[in-house]
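Input: a single structure, listed below in structure tokens.
The values are calculated or read from the model by the stated rules, or taken from the named source; none is laboratory data. The structure presented is a predicted model; accordingly, all values stated were derived computationally and were not measured. Note that each Cβ is placed from the backbone with ideal geometry, even for glycine, and that neighbours are counted across all protein chains shown. Remember, those area values only see protein heavy atoms, side chains included, never the ligands or the DNA or RNA. Shrake-Rupley method; radii C 1.70, N 1.55, O 1.52, S 1.80 Å.
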Amino acid sequence: IANSQISEAALTLCGKYALDAKDARDDIDRLSSEIMVLYNVTTRVNDLTSGPDAAKFPALRDLTMTISQCSSELTNLNIRLDPGKGRQVIKRFGLLTLKWPFKTEDINKCIASLERSNRLYVLGTLHWSYFEPL
């Protein structure tokens, strides 16, 4: 549940930046897309890992480390995205707008890490469903 909630918060923050940081639109769209995929996958994985048979399958137990790593990455991402934590704001036409806190190479690393988590989740659930008892 935690990764789903953190993903939702990150998506909300990306939406705010998408309105203000127009020069970073591609990075924001790529990051938002990957977070949405992660949200969908983690919601499904959470359903499996909280089920009654979860303890029987080592692949699901192995996902707990991936889940905690992913949660940490998403939390750090949210901290950097949160404009309420003294983040840099640009004054444009008398209005305050958000400044995108990442460079493209930062986003590339973040997306690669989120993709890795997604792959591990999917592989773990495939392993689980393949070996599920009848």
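Listed values, structure above:
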{"read-out": "Candidates LYS56, LYS85, LYS103 - the one that is open to solvent by 50 Å² or more (accessible area, probe 1.4 Å) and either among the β-branched types (Val, Ile, Thr) or modelled with pLDDT of 70 or more (or both)", "value": "LYS103"}
{"read-out": "Test for ASN76: is it in a helix (DSSP H, G or I) and at pLDDT 85 or above", "value": "yes"}
{"read-out": "Condition broken by ILE6, with the remaining ones in (1) buried (at least 19 other Cβ atoms within 10 Å of the Cβ); (2) of a type outside the set (Ser, Thr, Tyr); (3) out of contact with any Leu (no Cβ under 9 Å at 6 or more places or on another chain) satisfied", "value": "(3)"}
{"read-out": "Odd one out for ALA24, checked against (1) under 24 Å from TYR121 (Cα atoms); (2) among the hydrophobic types (A, V, I, L, M, F, W, C); (3) buried (at least 16 other Cβ atoms within 10 Å of the Cβ)", "value": "(1)"}
{"read-out": "Verdict on LEU31 being at pLDDT below 80 and either in a helix (DSSP H, G or I) or surrounded by 15 or more Cβ atoms within 10 Å (Cβ to Cβ) (or both)", "value": "no"}
